[in-house]
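Taking it in order: structure first as structure tokens, then the write-up.
Here, each number is a calculation from the coordinates, and none is a lab measurement. Quick caveat, the model's predicted, so the values are computed rather than measured. Note that we place each Cβ from the backbone using ideal geometry, even for glycine, and neighbour counts take in every protein chain shown.
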Ligand SMILES: *Cc1c(COP(=O)(O)O)cnc(C)c1O
């Protein structure tokens, strides 16, 4: 008897609903152009905002670290797995983010699991934006705190929810994505901080799509809004704009000291390798030295978005290089993506349940690695495919 038979039925059901995800394989490194299924295609899918995933300086730093530190940390960080590179990265990130201290974790996803259940518990209330990332949702689920969702980016609703619940709360935490990855819109952080201050609530922002993109030299959303010192907890990832792997939290020395004592993924899971750590250090160094790549990313984004708008596409209210091209029907979006692939463009269709029904889209992720000609090539293909599909 196959005890996992039920999973086979689940998979069949996913296929029937067109929700089965065929995972494509990239042959070789990330970049503006990648090889997928033997075909060279323009990459509009990656979070490689600054091209760091295959940057020469980062590659060199990584190789050197292997020679110096070996390939594996050998133990969890609290026992024997903290190497000098880990502390160097934490110091550099804290300084880059203008924060007191930093803890590096295995990923941005893990960072949320390391913070939320560790600093909240029974009697506390977490106010969470309804469109927050899955890792925030899971972090909340691991906490014994009560979770109250507020309407997306709606500070009036946040205030109302706090007002309704504050008397039953021991402590309150407000948590939001900085940049929302499906629409490219930015959280109204100054207003969120004002409301939170009024009620004494802790503020936490997950800046996964903001760092390397927003603020001075890509310092992120807190710097973008000049809110340094007013946001208690910043979560980040090393796997998007920073181009490598891993996650981190910045904040006060007290917060970081506590997470290093009590954050379960830090205590019970081995940290990132020296090679990853050194590459991340190099990415912070490049950004600290120059904002050239960040400016190039934004030039590319504005150029591409203006051309799409001029061609009549609906790119919604994006405020970042994330460019959603809304097409409507799920079937149209997936046909659009397939046809783009036929035109040597790799751009992902995003459908229900990730976005609301009837709001299916192609999401384009811009990068400093793109050339102008690449973007012209992409817009021409979008126009052609739209004509063919009659949208
Ligand atoms: C991508 C993402 C994460 C996960 O980061 P990883 O480093 O890939 O684990 C967490 N939060 C948000 C908002 C993200 O977009």
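Grab the beta carbon distance between residue 194 and residue 160, set R0 = 25 Å, and tell me the FRET efficiency rounded to 0.05. It comes to 0.95. Counting other beta carbons within 10 Å of each residue's own, what order do 248, 150, 69, 20 fall into, fewest first? Result, fewest neighbours first: 20, 69, 150, 248.
With distances taken between every two different alpha-carbon atoms, segment 56-95 has a Kirkwood hydrodynamic radius of 11.2 Å.
Counting only DSSP beta bridges with both residues in segment 56-289, the antiparallel share comes to about 40 percent.
What translational diffusion coefficient, to the nearest whole µm²/s, does the chain have by Stokes-Einstein, given a Kirkwood radius computed over alpha-carbon pairs, a temperature of 20 °C and 1.002 mPa s viscosity? Roughly 97 µm²/s, to the nearest whole number.
If you take the Cα centroid of segment 335-391 and the Cα centroid of segment 1-73, the two points sit 19 Å apart. Scoring 228-237, 120-129, 335-344 by mean Cβ neighbours within 10 Å over their residues and listing the highest first yields 228-237, 120-129, 335-344. Quick check: Cα centre of segment 224-247 to Cα centre of segment 292-318, how many Å? Spelled out, the Cα-based centre of one part sits 23 Å from the other. Residue 383 versus residue 95, label points 7 Å from Cα toward the beta carbon: distance in nm? Label at residue 383, label at residue 95, 4.9 nm between them.
Taking 10 °C and 1.306 mPa s as conditions, segment 63-162 diffuses translationally at an estimated 98 µm²/s according to Stokes-Einstein applied to its Kirkwood radius (Cα pairs).
Placing a label point 7 Å from the Cα of residue 171 along the Cα-to-Cβ direction, the residues of segment 111-131 whose backbone N falls under 20 Å from that point are 111-129. Mean projection of the Cα convex hull over all viewing directions, computed for segment 328-391: 4.3 nm². Gain on full extension, evaluated as 0.36 nm per residue between residue 344 and residue 68 minus their Cα-Cα distance, stands at 95.3 nm. Centre-to-centre, using Cα atoms only, segment 158-195 and segment 262-285 are separated by 29 Å.
FRET efficiency for the pair residue 57 and residue 252, taken as 1/(1 + (r/R0)^6) with r the Cβ-Cβ distance and R0 = 41 Å, rounds to 0.85. For segment 56-289, the square roots a ≥ b ≥ c of the C-alpha gyration tensor eigenvalues yield an a/c of 1.5 or more together with a/b exceeding b/c, which makes the shape prolate.
The residues 366, 389, 173, when put in order of fewest to most other Cβ atoms within 10 Å, stand as 389, 173, 366. Out of every Cα pair in segment 291-365, what percent are spaced more than 16 Å from each other? Cα-Cα pairs in segment 291-365 separated by more than 16 Å: 52 percent.
Note on residue 87 and residue 5: the extension gain reaches 24.8 nm, defined as 0.36 nm multiplied by sequence separation minus the Cα-Cα distance.
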